[in-house]
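Down below is the structure, laid out as structure tokens.
Just so it is clear, none of the values below were taken in a lab; they were calculated from the coordinates. In this text, all values refer to a predicted model and were calculated from it rather than measured experimentally. Cβ coordinates were reconstructed from backbone atoms using ideal geometry, including for glycine residues, and neighbour counts include every protein chain displayed.
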Amino acid sequence: QKKMILDLDTGIDDALALAYAVGDPNVDLIGIISSYGNTLIETAAQNSLNLLHLLGANNVPVFIGESHSSTTDHFDVMPISQLIHGKNGIGEVVLETAPRHVETQSGVDFLIAAAHQYADDLIFIPTGPLTNLATAIKKDPAVATLIGNTTLMGGALTVPGNVTPFTEANIHQDPEDADYAFTRQKNLTMVGLDVTLRTLLTKKETAAWRALNTTAATKFAELMDFYIDAYANLGIDKKGAALHDPLAVAVGIDASYVTTLPLAMHVTYDQKSGDYGRTIGDKDKLLVPTTTQVAVLVDTDRFVSDFQTMMLSVLNN
Ligand code: BDR
Ligand code: CA
């Protein structure tokens with residue numbers, strides 16, 4: 001059985017990614033590293049602890065990662081993130097506080113140790129900024145070759161982005177570290193915004209969660225409906241809200257959900273450049289063998305249907 005580590009800025013769709021990973025019998029979720037983005041890192045960590053408690057998964061340890069990018073000295077949550085995810089990151093839904101705390105080992109050290117221990121059997125899923133991954137590689141360059149499969153949600157091969165016309169939110173938080181990771185990490189798959197925006201969940205699916213009548217199902221339906229309403233109110237999509245982060249988990253387990261192109265990627269981080277934070281397929285390296293795959297298409301119907309089946313199972317206890 002493969003081991004999985006999630007790196008989450010928890011976040012509503014991060015919460016869905018967490019539930020999907022908890023529910024999938026094909027993987028052993030060995031830990032969650034907290035990141036910043038949708039919320040401050042402390043909030044993200046507490047949300048992960050409380051969500052695991054809600055799902056009866058108090059055996060999964062939660063670690064604290066880097067609290068801001070290495071090129072800044074602090075991080076402020078973007079106003080748009082608060083509109084999409086709520087001020088507490090989970091749509092203002094109040095969860096019972098978990099009966100435990102975060103681990104004392106740092107998230108970066110946990111990732112380094114797991115890379116050495118599990119190597120090819122490790123699936124690493126970052127669904128926030130790439131600061132923790134870049135920091136781990138800087139501390140121990142072997143991480144870049146050891147981790148068997150890194151599948152991230154972030155970037156966009158085709159524009160527009162969701163923060164600037166060129167930049168997706170996770171990459172926008174720390175383009176320099178994103179570039180560092182993209183240009184070093186082997187066996188990397190990018191699941192970008194232009195693909196995840198094709199996977200929408202609607203209130204029809206959350207109504208089916210509610211009908212399960214469990215505490216977990218009710219809480220997840222509440223936070224998901226907040227996210228669906230935010231997508232409609234902000235004019236992002238009237239039909240439903242995107243399953244960005246759970247798609248990365250699904251692809252990490254079963255790559256056949258997407259069609260990919262092998263492309264060496266880099267990220268622009270020159271502040272003065274008009275496309276700051278853009279993920280770019282390097283045309284000068286088109287014919288150079290690369291282990292980076294970039295998703296370009298997704299089997300929407302199969303993924304959304306499998307996601308719903310997984311949620312109905314994980315929320316039904
Ligand atoms: C990504 O940014 C965050 O808001 C979401 O959780 C997702 O990881 C989408 O751009
Ligand atoms: Ca996220």
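Which of LYS204/LYS238; LYS186/LYS272; LYS203/LYS239; LYS87/LYS272 have a Cα-Cα distance over 20 Å?
Check vs 20 Å cut-off fails for LYS186/LYS272; LYS87/LYS272.
Given H placed 1.01 Å from N in the peptide plane, which residues other than close sequence neighbours of ILE123 have an amide H under 5 Å from its amide H? Close amide H contacts, sequence-distant or interchain: LYS3, MET4, ILE5. When you count the other C-beta atoms within 10 angstrom of each residue and take the mean per peptide, 207-216, 152-161 line up highest first as 152-161, 207-216.
Between ILE80 and LYS204, the simple label model (points 7 Å from Cα in the Cβ direction) yields a spacing of 2.9 nm. Note on LYS285: aspartates and glutamates with a C-alpha under 19 Å away, same-chain residues under 8 apart excluded, are ASP179. Look at the alpha carbon pairs under 8 Å that are at least 6 residues apart: their mean separation over the length of segment 203-317 gives a relative contact order of 29 percent. Legend: ranking of residues ASP109, ASP194 from fewest to most surrounding C-beta atoms inside 10 Å; resulting order ASP109, ASP194.
The simple Förster model, with R0 at 45 Å and r as the Cβ-Cβ distance, assigns LYS283 and ASN316 a FRET efficiency of 0.40.
Test of understanding: what is the full-extension gain from THR97 to THR291, defined as 0.36 nm times their sequence separation minus their Cα-Cα distance?
On the way: separation 194, 0.36 × 194 = 69.84 nm, distance 4.12 nm.
65.7 nm is the gain from fully extending THR97 to THR291.
For segment 143-163, the residues whose backbone nitrogen is under 17 Å from a point 7 Å from the Cα of THR259, taken along Cα to Cβ, are 157-158. Distance between the modelled labels on ASP270 and LYS239, one decimal in nanometres: 3.9 nm (7 Å Cα→Cβ projection).
So if the hydrodynamic radius of segment 166-278 is defined as the Kirkwood radius over C-alpha pairs, what does Stokes-Einstein give as its diffusion coefficient at 37 °C and 0.692 mPa s, in µm² per second? After rounding, the answer is 202 µm²/s.
How large is the helix-only mean residue ellipticity at 222 nm for the chain, computed as the sum of -39500 (n - 2.57) over DSSP H runs with n ≥ 4, divided by its residue count, in deg cm²/dmol to the nearest 500? Mind showing how you got there, number by number?
Values: 13 runs with 127 residues, N = 317.
Only helices count here, giving -11500 deg cm²/dmol.
For the chain, compute Rh as the Kirkwood radius over C-alpha pairs and then the Stokes-Einstein diffusion coefficient at 25 °C and 0.890 mPa s; write the answer in µm²/s, rounded to an integer. It comes out at roughly 129 µm²/s.
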